[in-house]
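Beneath this line is the structure, given in structure tokens, with notes to follow.
The values are calculated or read from the model by the stated rules, or taken from the named source; none is laboratory data. Note that the structure is predicted; figures quoted are calculated from it, not measured. With ideal geometry, Cβ positions are generated from the backbone for all residues, glycine too; neighbour counts draw on all protein chains shown. Accessible surface is based on the protein model in full, side chains and every heavy atom, while ligands, DNA and RNA are left aside. Shrake-Rupley method; radii C 1.70, N 1.55, O 1.52, S 1.80 Å.
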Amino acid sequence: MVLQGSISHCSSSWQIIHPKLVLLLLLPLLVYFGNKTEAHYKNIPAVIVFGDSTVDAGNNNFIDTIAKGNFAPYGRDFDGGNKPTGRFCNGRLSTDFISDALGIKPFVPAYLDPAYSIEDFATGVTFASASTGYDNLTAQVLNVIPLWKQLEFFKEYKKRLEIYGGIATAQTIIQEAIFVISIGTNDFIVNYYVFPERSNQFTVEEYENFLLSISENFMLEIYKLGARKISLVGVPPIGCLPIVRTVFNLKFGRACREDLNEMSRSFNRKTRDLVSKLRREVKGLKLAFNDPYGLILSVVKHPHSYGIDIVAEGCCGTGVLELGFLCPKSNECSCPDANKYAFWDSVHPTEKLYRIIVDYTLNTTLRELS
């Protein structure tokens, strides 16, 4: 096999080149472009995660709650197939993809999972709990782990890390790790718009401010404990979640609820302002705001541009209402190919959508932390 040809504006023609020589010439470029993500994020020792079901790898498996995803068809495409770990997805979550892209490990384990030790957690761990929120009342709805308890787990983790590797090593891991906080959606769809206590106490705008005060205090707390690189994730277009289309907008043909999308935009604007404020005021803190709203809305409006066909229903069951224990355990009741769907169940993204989100954030907002 040879390469031949001529280029009109060049004075000489291509010579016959052996294919092995071509590979040798191109190899440095291939290596560079193939590893540019890892090269940009070098020296990141761990991914440490707080939040809700978008980043819970199975902590809820080990508490007394019905908010679990440790049964089929969850995990249908995880690590070779049919491995329900407690992730509310058919496969991996965004934080798994982030960890993998950084060259750390392919999965971020759940802190409460006894199958893992501090040796595993030293390179990444998630304290997240499905169905939780910033607001303690949100966690109480389904008896899950509130954010303050996740903070206590992190303090415990830090002590275990110090015993395992020494104080200096533990300090370095925590200071250089990327912290991901993904939370907030449940405060609205599980709490504020469902139960009267908070909606009687606050207007929507006031409730947003209440949640953001909790967010600010939480980030300052983990900063005091050594965190220096934090990615704060905003909320998606809540009005376009399949369950919201069904429960809140059935009479309008399950179109996206624009008022709830406006609430999402408002909350994200305030979150961005909070991030800017803390960047100015807190010395040594690298804080990035990861706003998923625009990208997910683009997928919803232009799915075929992303290789997706269906956005108004999830893959699980009918896709309009099912999630958690309501997802039929038989794969026969779910779609045959989750890659054609934006949502796995009526709330949570498919592995494909998570990958799309992470591919974008690795080259945008997360670069601010390196």
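Taking 0.36 nm per residue of separation and subtracting the Cα-Cα distance, full extension of the segment from residue 309 to residue 279 would add 6.8 nm. For segment 203-257, report the translational diffusion coefficient in µm²/s to the nearest whole number, using Stokes-Einstein at 4 °C, 1.567 mPa s, and a Kirkwood Rh over Cα pairs. Answer from the Stokes-Einstein relation: 94 µm²/s. Shape analysis of segment 150-230 based on the Cα gyration tensor places the equivalent ellipsoid semi-axes at 34, 12, 10 Å, largest first.
Net length available on complete extension from residue 224 to residue 250 is 4.7 nm, with 0.36 nm assigned per residue and the Cα-Cα distance removed. Extension gain, residue 194 to residue 66: 0.36 nm times the residue separation minus the Cα-Cα distance gives 44.3 nm. Pairs of alpha carbons in segment 130-172 separated by more than 12 Å make up 61% of all such pairs.
In plain terms, the bigger the Kirkwood radius, the slower the diffusion; for segment 61-104, with that radius from Cα pairs, at 37 °C and 0.692 mPa s, Stokes-Einstein puts D at 299 µm²/s. Annotation: lysines with alpha-carbon distance below 22 angstrom to residue 229 (same-chain offsets under eight excluded): 36, 42, 105, 149, 155, 158, 159, 270, 277, 283, 286.
Summarised in one figure, the compactness ratio Rg/Rh of segment 263-363, Cα atoms and Kirkwood Rh, is 1.10. Here the chain has 57 percent of its accessible surface on carbon and sulfur atoms, given a 1.4 Å probe and all protein chains in place. For the chain, the solvent-accessible area works out to 46 Å² per residue, with a probe of 1.4 Å and every protein chain left in place. Expressed as a whole number of Å, what is the distance separating the alpha-carbon centroids of segment 296-327 and segment 155-171? Comparing the Cα centres of segment 155-171 and segment 296-327, I get a distance of 41 Å.
How big is the gap, in Å, between the Cα center of segment 68-143 and the Cα center of segment 205-220? Taking the Cα centre of each part, segment 68-143 and segment 205-220 sit 25 Å apart.
With the gyration tensor restricted to C-alpha atoms of segment 107-254, the semi-axes of the equivalent ellipsoid amount to 33, 16, 13 Å, longest first.
A simple spin-label model places pseudo-atoms 7 Å from Cα toward Cβ; at residue 119 and residue 148 they are separated by 3.7 nm.
Local charge for residue 341 was computed over the other residues whose Cβ lies under 11 Å away, with Lys and Arg +1 and Asp and Glu -1, and equals -3.
Would you list the P(r) distribution for segment 112-195, with all Cα-Cα distances sorted into 10 Å bins from 0 and each bin expressed as a whole %? Whole-percent P(r) values from 0 Å outward: 17, 41, 27, 13, 2. What fraction of the Cα pairs in the chain, stated in percent, has a spacing above 27 angstrom? More than 27 Å apart: 49 percent of the Cα pairs in the chain.
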